[in-house]
Structure formats: structure tokens, C-alpha cells
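Contents: one structure, followed by commentary.
What follows draws every value from the coordinates through simple rules; no lab data is involved. What you see is a predicted model; the values in this text were computed from it and never measured. We place every Cβ from the backbone using ideal geometry, glycine too, and count neighbours over all the protein chains shown.
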Amino acid sequence: MRTAVHLVTCLVVAISLSGCSVFSKPNSIEKILSDSGPVAKASDGRYQNSYPGEKEYPVTCEENCYPDTPQLKCDEDNSRCIFIGENPEIEEEYGFNITWLGHASFLVTLPDSTTLLFDPVSEQFDWPIDWLHALSGGMIRQPPDWPDSATSGIDAVLYSHLHYDHFNKADIKKLGSEPTYFVHQDTASYLPENGFSIKEMSWFSDYQKGAATISAVLAHHFNSRFSVPLIYEDNEKALWGGWLVEHQGKKLLFAGDTGYSPHFKDIKQRYGSIDVCLLPIASYYHPEYGKWYRYVHTTPEDALVAAEDLGCKVMIPWGYGNASWQMGDHSSHSPLKRLLKMHKEVNAKLPLVILNEGESVAL
């Protein structure tokens, strides 16, 4: 009887935040703080951005923001686009092999063959949002093809935040307990119990993994998760952010979802100029809630300004694409069209490396 009750309990818990398994193993959680200690919470127990309040943006595209370009080949209805332009030759070698898996997911291989997987979501949103969208006919994407190298033999998995398009327990189940999982402060409890090794880090904390230093950095965003019975719970009680990886003096930044704010300058002040920047350029547009969308997501021109603030030597954009959910965008590639236009006006000297989903580049 007790076993039956336990099984029913696990089924109920499995649809909550952290999942459940009858044969689960406790996770190993190491909390890593910066030299200034943990990130402070507000009086209500919720995290907040370093620069809250109204924003002023240095540059905003006002007209003709999505011109057609010969660098993109699209279907007649302006969908299913492929970038066919030429990327610049990057003379300096940084030692990073980068594969864009779609949306915010990247596979990065270091010179010593260490493999890092950022925000892996290989199919739909995490449960239960995928289920709700399937029932309502909402946002469903055609899943991209992932190489075997992105599903096995991974050394470290790094999550920027808990939103359902960046954190998916189905992918955690596929990856298993061999990788080390890196998450931001107060996030470890959202992973299922299965003997995972988890490093839970505060902003500006550092962890040495082999020859690489992994640092948790700021982002201007938020966290929200649904709980049973499908109500918002724990808003902002887990931290969000980006990740900086340094190997042999070369630095790569994965910014995570973020709006524009002075936090980019704070990152540069702490770590110096960044060699390769993986920066988001999508999900900033909504006909009714556009101001809020931009508050927590960079426009293409915001990303170009952020790249200047960070001292980026190379920028790789993400968030657009045929396998995206087109959240808050005109079309699958409208952010890329806007980026190509504004690049000439905002930060023309910055080398842009444009990838189609599934493509790799060695920098």
C-alpha cells in the first residue's frame, strides 16, 4: 500500500518543478559564491536586476528596419530563410569550436576537447508549457537536427535561467549524470534528483574546470515557472544570468536572455574585453507589449551596443531561425535582417559571424 501511495505521489510530483523518480539518487550540490558573497534578494525574497527601472537605449531603429538582403535566401512568403552571405575571415585564433544548435542552444568545444553545452532544448518547451501549446495550437517549432556530439560525451551543461525555452528536464534526462551542471544561485533544486553534480553559482563567481575557468555573470532578465495547479510560483526566487568561459587567456561569453543595461560594462570591467560573444537578438517585438519585451530582450541594435560595451572581438547572434518559436518577432529571420541593417550604423567594425542552425565555426 505504501509503495502504491509513493508511486502516485511521484506521478504528482513529476509534473511539478523538479520531477521525481522512485529510484532517484541525491544530487551533489556545491554552492560557489563571488568574493562579494551571494547576490542579495529584495525584502520579499525575490532576486532583482542590478539596474532596475526605466531604460534609455542608445540606438533604436525607427524605419525600414527589416529590408530584404541578398545575404538571405527565403521562400516566397519570406519564411524558411537561409543565410548565404559570406562571413568575415577572423585572423586571430581563439581556440573555440562553436556549433549553433538553434534558438539559445550552443555546443562549444575547447582546444583540450572539453565540451560545453549551453541551454540545451532539443525539441519543444519544457513541460507543461509544451503540452499547453499543443492543446491550444500555440508556439510549436520544428525541432532542429542535433548531432550525436551534442547528446553524449558532454563535460559540462550550463543553464542561463529557468524559462521553458532554455531549461528542459527532458534534455537533462537524455544527458544523464556524466556532465557537470552549472546553474545560477538557488536554481539547483529545479533539477531532478538523479545523482547530478551541480555547481550553483552567484554572479561574478568563478569555478575551475580542468584548464577552463567558468564564471557566472549578470544578465538583465527574470525567472518564472509554473507549478501545479498551473499557477505562477517562485517568480524571481532563482537567479538568472550568463556565462563566461576563459581558456588559455581567451574568453567566450554566452549572455543568456537579457535586455540592455549597464551590466555589460560591469562584465567588461571585471573580466576585460571578450574575444567571442554569443549574443541574443530576438524576442524584443510585440505589438501590445513591445516595451516590456525589449526591457528583458535585446534588439539587434541593443546587442551591437552591448558588444561594444563588452569589447567583443567577434559576435555570433542567436534567437532567430527556422527552428525558433518566433516569440515576439515579425518572422523567423526578421531579427537577422534588422541586425544586418543596423550593423552598418551602430558597430560596423565588429566582425559578425552568422550561422544557420546546425552550422559550426572554428574561431
Take the chain, connect every pair of alpha-carbon atoms lying under 10 Å apart with a spring to form a Gaussian network, then pick out the residue of Pro280, Pro262, Pro335 with the largest mean-square fluctuation. Pro262
Can you compute the FRET efficiency between Asn64 and Gln269 using 1/(1 + (r/R0)^6), with r the Cβ-Cβ distance and R0 = 30 Å? Round to the nearest 0.05. 0.25
If you plug each phi of the stretch 293-300 into the Karplus form 6.51 cos²θ - 1.76 cosθ + 1.60 with θ = phi - 60°, what whole-Hz ³J(HN,Hα) values come out, in order, with x for Gly and Pro? 4, 5, 4, 10, 9, 6, 6, x
Loop-exposed GluC sites (Glu not before Pro) per DSSP, neighbour cap 11 Cβ within 10 angstrom, longest uninterrupted part of the chain: 94-287
Calculated [θ] (222 nm, deg cm²/dmol) that DSSP helices of n ≥ 4 give over the chain, each run adding -39,500 (n - 2.57): -5500 deg cm²/dmol
Under the rule of at least 5 residues apart or a separate chain, name every residue whose amide H is placed under 5 Å from the amide H of Val157. Leu117, Thr180, Tyr181, Phe182
For Asp44, what charge total do you get from the other residues with a beta carbon under 10 Å from its beta carbon, if Lys and Arg give +1 and Asp and Glu give -1? +2
Return the sequence-ordered ³J(HN,Hα) values of the stretch 207-222 in whole Hz as given by the Karplus equation 6.51 cos²θ - 1.76 cosθ + 1.60 applied to θ = phi - 60°, using x for Gly and Pro. 9, 8, 10, x, 8, 9, 9, 9, 10, 8, 10, 6, 9, 9, 8, 6
Spin-label zone in the stretch 148-162 - amide nitrogen under 11 Å from a point set 7 Å from the Cα of Ser197 along the C-beta vector: 155-156
Given contacts defined as C-alpha pairs under 8 Å and at least six residues apart, what's the relative contact order of the chain, whole-number percent? 21
Under the rule rounded for a/c under 1.5, else prolate if a/b exceeds b/c, else oblate, using alpha carbon gyration tensor axes a ≥ b ≥ c, the stretch 65-362 is classed as rounded
